[in-house]
Each structure stands twice: as structure tokens, then as C-alpha cells.
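Q: Dumping the structure here so I can ask a few things about it.
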Amino acid sequence: MSSGKLKPAMKAAAVLCVCACLFSGARYMEWLEQDSSPWGNLARFFYGPDTRKEMRRLQTVKEISPGIPLITALCYHEVRPDRRDDCMNVDPEIFRRHIREFRKAGYTFINVDDLRLYKAGSKQLPEKAVLISFDDGYADNYDFAYPILREEQVPATFFVVSDKIGSENRMTADELREMRAGGMAIGSHTVHHENLAGMTGEEIDFEMRESKESLEKILGNPVCAVAYPGGKTNGAVLDKVKKYYDVAFVASVSPETKQTMYTLQRYGVFKWNEHIESIFKNR
């Protein structure tokens, strides 16, 4: 190749190198909004999902809540292909994408049974653990989410309102038993899905105890976890929950708030969370 033709090629190569360095630097400095933007998709293609924000949050958890399992917990509600305008609904293929992005980012999937064993001191958790959970017990959890979980070989936890089992648009007892046999964990979402923080001690005790007993009768297995309806709790609720459960969850994330095994935080997941990076922005 003549020197005349070589110079333009060298200039083009130099420009590409400069652009690559600038792009890499922008990603390193977190100037790229790595979500569904073209730049974000390009960064994800080259570097994989960006979980640095979540890693920093977990470091804060470690500092202010020693002894708490360092997990990324997610709270889904509905997973169905219709109702795309419903903010609480995640399209099934987006749900599958979330699973694959977490896996690509090096995460291991756990459920509440793993947390129970961790609390008992008989199991260690993986370095990057993610817990997928669903609230309310909607029928689409069985129809759409469960098949994807089985195909992807991922365990999950389903918090069920015990008084709604088998009612319209809710999972049935047979479906819960099938899911439990298929490696899923079932937890309580109380009896009536009402604000526990506004109840008397006797009412709170009933919601905690009756839901646990009903689910255990259906499943033939212990139920070790509960999710507070609306994420609402107070001192009276915490006093009661410890009588019946090993772990309990709220439905929001506040990095600077101290956690216990009975106030474990979860990210809510919504229709606009097309990639996992955006989930870490939810509070």
C-alpha cells in the first residue's frame, strides 16, 4: 500500500481509537445512562449490565446493617403479555431479559429458603445473590412467570394473600403446590392484604398466624417468610412477626436505613424497567 493511501487509513484508525477511549472513559465515569438509550445499549453490548450502583448500595448496607445478608431483592407483581399500560405489570419477555442480564452480570439466584438457612448459620450465600419475589399471588404468576423460571432454572418466592387463593385472577392451591414441588418458595402476604400498621395487636397476630397456618396446610411445608402489605410496618407489627417467621420484607429500598432480618428491602419492578440498571434507580 502506498504511503498516500496509508495516511487516511491511519487517521481513521486513530479517530476510532480516540472514540473508543472516550466511550470507555464515559462508561467508567458513569456518564452514560446505561438503560434503553442507544449509548446504553452499546455499553451493555460491550461491557454487559452495569451493576456498580447496586454494589455501592450493598456496601452501605454492610456498613450500617452488619449481619444482614447482602442480597439484591426484587418485588414483581404481574407478569403478563397484555395490560402493557399497567405500571405494575412486566412483559414476560422483559422478565426473561432481567433474569438473563442478572446471570450475565454474575449473579446467583436464591429464594427465602436460602435466607432461612443463612439465618440458622447452616448456609453461606453467594457473593452476588439476587432474590426474585412476587406479591399478591396473581394467576399470571403461574401462567407466565413460572414457566419462564422453570425454563431458566431459577428459583423464586411468591408471597400469597391466603384469603384470595383460588379466587378470580389468583393462583389456586393446586398451582401453589405444583410450584412448590418445582423449586419455588411460597411466603405469606397476610390473610387480607390490609395495612398491618393500622391494626391492633390481636388483629396483627391473626393476620400473621392464620396466613402461615393456611399456607402450610396447603403446601405441607413450613412457611418461613412474610411480605408486609404495602411495605407498611411499625413496632407492634415487628413484635408479632418474630413469633411466626424467620424473615420479612418491605417493598422499597432506602440505602441509608438500617435493616434487620424483619425489614429486608426489595426493589419494586415496574413496566418501565426494560433493563436491570433501571431497577436500581427505584426506591
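Q: Identify the residue in the stretch 46-59 that is surrounded by 13 or more Cβ atoms within 10 Å (Cβ to Cβ) and in contact with a Leu (Cβ under 9 Å, 6 or more places away or on another chain) and, among all such residues, is farthest from GLU127 (Cα to Cα).
A: Out of the qualifying residues, it is ASP50.
Q: Ok, one more. Would you confirm whether or not the stretch 60-81 contains a residue that is surrounded by 19 or more Cβ atoms within 10 Å (Cβ to Cβ) and more than 19 Å from HIS275 (Cα to Cα)?
A: Yes, the stretch 60-81 contains at least one residue that is surrounded by 19 or more Cβ atoms within 10 Å (Cβ to Cβ) and more than 19 Å from HIS275 (Cα to Cα).
Q: Looking only at the stretch 132-153, filter to residues that are closer than 20 Å to ASN221 by Cα and touching a helix residue (DSSP H, G or I) at 6+ places or on another chain (Cβ under 7 Å); which one of those is most open to solvent (accessible area, probe 1.4 Å)?
A: TYR142
Q: Something else: Looking at the structure I just gave you, is ALA185 hydrophobic (A, V, I, L, M, F, W, C) and either in contact with a strand residue (DSSP E or B) (Cβ under 6 Å, 6 or more places away or on another chain) or at positive phi (or both)? Reasoning before the result, please.
A: Details: hydrophobic (A, V, I, L, M, F, W, C): yes; either in contact with a strand residue (DSSP E or B) (Cβ under 6 Å, 6 or more places away or on another chain) or at positive phi (or both): yes.
So ALA185 passes the test.
Q: While we're here: Report the residue count in the stretch 217-253 for those that are surrounded by 15 or more Cβ atoms within 10 Å (Cβ to Cβ) and either closer than 20 Å to LYS119 by Cα or not small (Gly, Ala, Ser) (or both).
A: 22
The rows are residues; the columns are (1) at pLDDT below 95; (2) under 23 Å from the mean Cα position of the chain (by Cα); (3) outside any helix (DSSP H, G or I); (4) at negative phi.
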{"site": "ASP205", "(1), (2), (3), (4)": "no, no, no, yes"}
{"site": "LYS217", "(1), (2), (3), (4)": "no, no, no, yes"}
{"site": "LEU238", "(1), (2), (3), (4)": "no, yes, no, yes"}
{"site": "VAL253", "(1), (2), (3), (4)": "no, yes, yes, yes"}
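Q: Return yes or no: is THR108 among the polar types (S, T, N, Q), open to solvent by 50 Å² or more (accessible area, probe 1.4 Å) and modelled with pLDDT of 95 or more? Working first, answer last.
A: On the way: among the polar types (S, T, N, Q): yes; open to solvent by 50 Å² or more (accessible area, probe 1.4 Å): yes; modelled with pLDDT of 95 or more: yes.
Yes.
Q: Out of ILE165, ILE204, I need the residue that is β-branched (Val, Ile, Thr), farther than 23 Å from VAL253 by Cβ, touching a residue at least 24 places away in the same chain (Cβ under 8 Å) and surrounded by fewer than 21 Cβ atoms within 10 Å (Cβ to Cβ). Which one? Show your work before the answer.
A: Values: ILE204 fails: surrounded by fewer than 21 Cβ atoms within 10 Å (Cβ to Cβ).
When all the criteria are applied, what remains is ILE165.
The values are calculated or read from the model by the stated rules, or taken from the named source; none is laboratory data. Because the structure is predicted, anything quoted here is derived from the model rather than measured. Counting neighbours? That spans all protein chains shown, and the Cβs are built from the backbone with ideal geometry, glycine included. These area figures cover heavy atoms from the full protein model, side chains too; ligands, DNA and RNA do not enter into them. Shrake-Rupley method; radii C 1.70, N 1.55, O 1.52, S 1.80 Å.
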